[in-house]
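Scroll down for the structure; my scribbles are underneath it.
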Amino acid sequence: MRKLLLLGAIALLGPGQALDVLAQVECSVASLQAKAPKGTTITGVSVVPAAEKVASYCRVDGHVAVPGNEVNFRLGLPTSGWNGKFYFSGIGGLGGRIGSLDKGLARGYASASTDTGHSADDPTWGSNRAKEIDYGHRGTHVAAVASKAIAAAFYAQPVQHAYFEGCSNGGRQAMMEVQRYPEDFDGIIGGHPATGTPMQAGRAIVYQHMLASPDNFLAAEKIELLSRATLAACDDKDGLKDGLITDPRACSFNVETLTCSPSAQGATGDKKNGDAADCLTPGQVTTVKKIYGGVKMKDGKTFAYGFPVGHEGGPTGWRAWISGVNPPVKQEDGSLAYGTERQPSGYGLMEPNFRFLALDNDDPKYSWKVLDIDRDMPRLKTMTEILSPLDPDLRPYKKHGGKLLVYHGWSDPGISAAGTVDYFDQMTTTPQVCPTGWNSGGEPAARG
C-alpha cells in the first residue's frame, strides 16, 4: 500500500454534464485536413466502433511540423455525446509511444496524446536536438494546440475547458506545461513528476558506488532487512502502529545501526569485511546513505533529492527500481555490471540518459560512470533546461486561471517525493502564487 502525499490547491476536474454535441464535420482525412491548423498534416482517419465503456469515436492520426522534426499525435473525437471538453494523456519513460485515449473518451472528452516527437524504436533519436526539445517540452505543446483546434472544428464550437493528466514522465510533461505553456490547459494533474537531469544524476551517483564492488550491492534480502528496520523505527511516529510510515520526515532512522560487526561471518568466511544475514556491510550502509542522501553541490545546494525513509522492500520497491530482479554480474576488475534483461527500472532509464540526453554535445566517452556533478555542471546545463521542470514561478499559469493538482507517494522508489515537496515549498514562497501560510500538504498551516 502506498501512502499518498497531496500537494497544491485543487480544482475538481470531473466530466461535468455531457452536452451531447454531435460531429459537424465528416470523419475523413480530406474534411479534417481542410480544418487543420497550419503545419498540421492528417495522416489517417477512421471511425472506431463502440467497445466496452468507450463510445464510437473518430480517430485522427497526424503530425505537426516543427523546426527540424515532426511530432506525431492521435486524437479521439466522440461522434456523439461530446461533453464540450478536451483531455490530453501524458506518457511515461522516455516517450516515443502515443498514450491511450480510453480514459478521456470513456467520459465524453475529446482526447489526445503524442509520442513527443520520436519513436521508442529509434535508438538514435537522442542525437537530434530538435527531437530532444520535443521530448523535453515542445512536442506536448504543439500536439495539444493542434488537437484542440481540430476538435473545435469537428464540433463547430470551441473547447470549453482543456485538461492534462500524466504520471512519472507524464508528470514531468505536466509541470513543463504549467511552467512553459500556461495557456494550453485550464486544469493539470501531475503525478510523481520526474525531474529530468537531477533525477538521473542522483541515480548515477548511487550506481557509481553500488556497482563498484559486491560488498556495496543491496541484494533482495538486505533490502527487506532495511525495510523491516525502518518500519520498526518509524511506524508509530504518527501515533498509530499500522504498518505504514505516514510521514518519513518525522523519523530519524540511522542506517548505521544495521552495520555488521567486524567479526560477523557470512558464507564466504570473510571476517575482514564482516557480513551476515541480519546486518549490512559498511559498503552497503554507504549505498543506503547515498540513496537517502541525494546529491549536493560543493556549495551545499541540493541538485538531486534523496529518497524518504520507509517501505524500501517488496517487489515494487527498491528491488524493482534500484537493485534489480536479476543481480549484476561480477566483472574482471571486481566491479558489477547488469545484463540486458530485467534491469532495475532506474538503471534502465539512467544509462541511456547519460549516453545521449545529458550533455550539450554528445560525447561517446562520457557515461554515468564518470559523472562528477561539480565538474560537469556546465556541460549538463543545456539539457537540464530542456528536460527539467524546475521553475517555481507559476504566476503566468495562475493569471491564466489554471488549476494544478500534484500528488506523489512517499514510498515511490523511482522518483523522490522529497523533491516534489521542496518544489511545492519553493512555489508557495514565490510572491502571489499561493496564499501565504500554506504547508506542503496543500492546507493552511496552523497559526500560533
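The values are calculated or read from the model by the stated rules, or taken from the named source; none is laboratory data. This structure is a prediction, so every number in the text was calculated from the model and none was measured. Methodologically, a virtual Cβ is constructed for each residue, glycine included, from the backbone with ideal geometry; neighbour enumeration extends over all protein chains shown.
Points worth noting:
- Taking region 21-39 as the range and being at pLDDT 95 or above and of a type in the set (A, V, I, L, M) as the test, the residues that pass are VAL29, ALA30, LEU32, ALA34, ALA36.
- For region 294-339, the set of residues classified as part of a strand (DSSP E or B) and either without any contact (Cβ under 8 Å) to a residue 24 or more places away in the chain or closer than 30 Å to ASP236 by Cβ (or both) consists of LYS296, THR302, VAL329, listed by residue number.
- Set ASP215, ASP247: member being among the charged types (D, E, K, R) and closer than 14 Å to LEU280 by Cα: ASP215
- Against the numbered list (1) at pLDDT 95 or above; (2) assigned to a loop (DSSP other than H, G, I, E, B); (3) more than 24 Å from the chain's Cα centre (by Cα), VAL47 comes up short only at (2).
- Filter result for GLY81 (in the same structural domain as ASN169 (by TED's automatic domain parsing), modelled with pLDDT of 95 or more and not hydroxyl-bearing (Ser, Thr, Tyr)): no
- Qualifying residue in region 49-68 (condition: among the hydroxyl-bearing types (Ser, Thr, Tyr), buried (at least 21 other Cβ atoms within 10 Å of the Cβ), closer than 13 Å to GLY104 by Cα and touching a residue at least 60 places away in the same chain (Cβ under 8 Å)): no
- Test: residue in region 221-242 that is under 28 Å from MET350 (Cβ atoms) and among the small types (Gly, Ala, Ser): yes
Here is a yes/no grid of residues against (1) modelled with pLDDT under 95; (2) assigned by TED's automatic domain parsing to the domain that holds LYS301; (3) buried (at least 20 other Cβ atoms within 10 Å of the Cβ):
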position	(1), (2), (3)
LYS381	no, yes, no
LEU405	no, no, yes
THR436	yes, no, no
ALA446	yes, no, no
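- Residue-level check: of (1) in a helix (DSSP H, G or I); (2) out of contact with any Leu (no Cβ under 6 Å at 6 or more places or on another chain), ALA204 misses just (2).
- Qualifying residue in region 227-234 (condition: within 22 Å of ILE205 (Cα to Cα), assigned to a helix (DSSP H, G or I), in contact with a helix residue (DSSP H, G or I) (Cβ under 6 Å, 6 or more places away or on another chain) and at pLDDT 95 or above): no
- Looking only at residues in region 220-262 that are under 25 Å from PRO328 (Cα atoms) and basic (Lys, Arg), the one that is surrounded by the most Cβ atoms within 10 Å (Cβ to Cβ) is LYS222.
- Exactly one residue out of PHE185, PHE164 is under 20 Å from the mean Cα position of the chain (by Cα), surrounded by 24 or more Cβ atoms within 10 Å (Cβ to Cβ) and in a strand (DSSP E or B): that is PHE164.
- Scan of region 363-415 for residues that are in a helix (DSSP H, G or I), more than 30 Å from LEU211 (Cβ to Cβ) and either of a type in the set (A, V, I, L, M, F, W, C) or touching a residue at least 60 places away in the same chain (Cβ under 8 Å) (or both), ordered by number: PRO396, TYR397, LYS399, HIS400
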